[in-house]
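So the structure is just underneath, and the comments pick up after that.
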Amino acid sequence: MNGFKKMLVTAIGAGFAQTLPAQTHHNIWFRTTVSYQVSEKVKADVELQHRRQNGFENDNMLDKNLMCSFRSWLHYQYNKHTGFSVSPFAYFTNYPIIQNVPGEPAKPFHEIRFAAAMDNRNKIMGKWGLLERSALEYRIPDNSIPRTLRLRSRLGLQYAATSRLGLSVYDELFCNIAGVSASHFFDHNRIGLTFEYRISPGMKLEAGYIYISRLPLAEGILRREHNIMMNFTCQLKKRRGKLS
């Protein structure tokens with residue numbers, strides 16, 4: 001029932017988005033995560049991100065800066081199905097989206113974020129699994145954009161092709177639930193397809209494609225984004241008083 005509700009809300013948000021005029025954009029996202037296993041149930045992450053975007057009148061997704069960020073996470077695995085996460089601090093540098101007009105882009109703005117999340121992973125049948133993730137994120141920008149509380153809800157399917165290779169497909173809806181007018185309740189929606197390859201027990205690589213429908217807070221124009229993403233994760237384990 002919860003999954004059905006999420007899909008229903010996603011459909012409503014996506015349907016609303018389709019009624020607005022749109023511009024298309026092309027981006028590429030890079031992320032590196034260093035993870036440290038504190039104990040059997042507790043893990044700490046440091047996450048670095050860099051995103052690039054196409055420039056004026058081109059589709060080169062490496063042309064211009066889009067975002068740089070640092071984020072910390074603390075994860076607690078409650079049981080084999082459910083985990084809880086807290087991000088006590090994140091710092092973002094956001095560059096304006098390149099418009100379809102000539103001229104120099106505006107200067108970037110900076111943002112501090114705090115977040116909390118809950119993940120549920122359940123096996124459906126065979127190699128298939130269901131992924132649900134709900135999160136709250138409080139955003140504090142240093143410009144005229146208001147502080148907002150954003151809710152994100154993801155529903156997806158995972159397929160374990162082999163012990164090293166996996167596939168995920170998902171839909172994730174982002175809604176502003178405080179700090180903005182009702183016209184900006186819909187923030188954006190992501191439809192993603194990702195592949196995960198475990199290089200070794202402590203390393204994995206993710207790559208995929210994410211299609212986004214976004215309604216920026218400072219605008220009334222819907223933006224459609226084509227995103228290529230690549231994530232690298234390195235897991236450090238505490239063993240006999242040393243890191244390995």
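Show Glu196, Glu137 ordered by accessible area, largest first, where the area counts protein heavy atoms only and the probe is 1.4 Å.
Glu196, Glu137
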task = Cross-chain or 8 or more residues apart, Cα under 17 Å: how many lysine pairs in the chain fit that? Count them up, please.
result = 12
query = Counting pairs of alpha carbon atoms under 8 Å apart in space and at least six apart in sequence, what relative contact order in percent does the chain give?
reply = 18 percent
message = I need the phi-derived Karplus couplings for segment 221-228: 6.51 cos²θ - 1.76 cosθ + 1.60, θ = phi - 60°, integer Hz, Gly and Pro marked x.
response = 10, 6, 10, 10, 10, 9, 10, 9
key: Top of Ala135, Ala115, Ala160 by mean-square fluctuation, Gaussian network on the chain, Cα under 10 Å   = Ala160
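Between Tyr197 and Asn143, what length comes free when the chain is fully extended (0.36 nm per residue of separation minus the Cα-Cα distance, one decimal in nm)? Can you show the working numbers first?
Working: separation 54, 0.36 × 54 = 19.44 nm, distance 3.95 nm.
So the chain would gain 15.5 nm between Tyr197 and Asn143.
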The chain - accessible surface per residue (Å², probe 1.4 Å) = 56 Å²
task = State log₁₀ I(q)/I(0) for segment 109-180 at q = 0.19, 0.20 Å⁻¹ as given by the Debye formula over alpha-carbon point scatterers of equal weight, solvent excluded.
result = -0.79, -0.83
task = Quick one: among Trp29, Trp73, Trp128, which has the greatest mean-square fluctuation in a GNM of the chain with alpha-carbon springs under 10 angstrom?
result = Trp128
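Charges only on Cβ, +1 for Lys and Arg, -1 for Asp and Glu: so what's the dipole of the chain about the Cα centre, in debye to the nearest 20? Don't skip to the answer; put the middle values down first.
On the way: 33 positive and 19 negative charges, 259 e Å.
Here the size comes out at about 1240 debye.
May I ask you to give the percent of accessible area on the chain that is carbon plus sulfur, with a probe radius of 1.4 Å? Walk me through the numbers before you get to the answer.
Numbers: 8650 of 13710 Å².
Carbon and sulfur: 63 percent of the exposed surface of the chain.
Largest first, what is the accessible-area ranking of Phe30, Phe186 with a 1.4 Å probe? Spell out each step's value before the answer.
Numbers: Phe30 75, Phe186 10 Å².
Highest to lowest solvent-accessible surface, that is Phe30, Phe186.
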ask   = Hey, in the GNM for the chain with a 10 angstrom Cα cutoff, which one of Met230, Met125, Met61 fluctuates hardest?
value = Met125
query = Once you put a point 7 Å from the Cα of Leu205 and another 7 Å from the Cα of Phe185, both along the Cβ direction, what distance in nm separates them?
reply = 4.3 nm
task = Would you calculate the separation in nanometres between label points at Ser72 and Leu48, each defined as 7 Å from the Cα along the Cα-to-beta-carbon direction?
result = 1.7 nm
query = Considering only Leu173, Ile199, Leu215, whose Cα is most displaced toward the positive end of the charge dipole of segment 69-224, charges sitting on Cβ of Lys, Arg (+1) and Asp, Glu (-1)?
reply = Ile199
key: Separation in nanometres of the label points that stand 7 Å from Cα toward Cβ, at Leu157 and Thr93   = 4.1 nm
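The values are calculated or read from the model by the stated rules, or taken from the named source; none is laboratory data. Nothing here was measured: the structure is a model prediction, and the numbers come from that model. Backbone-built Cβ (ideal geometry, glycine too); neighbour counts: all protein chains shown. SASA here: full protein model, heavy atoms, side chains in, ligands and nucleic acids out. Shrake-Rupley method; radii C 1.70, N 1.55, O 1.52, S 1.80 Å.
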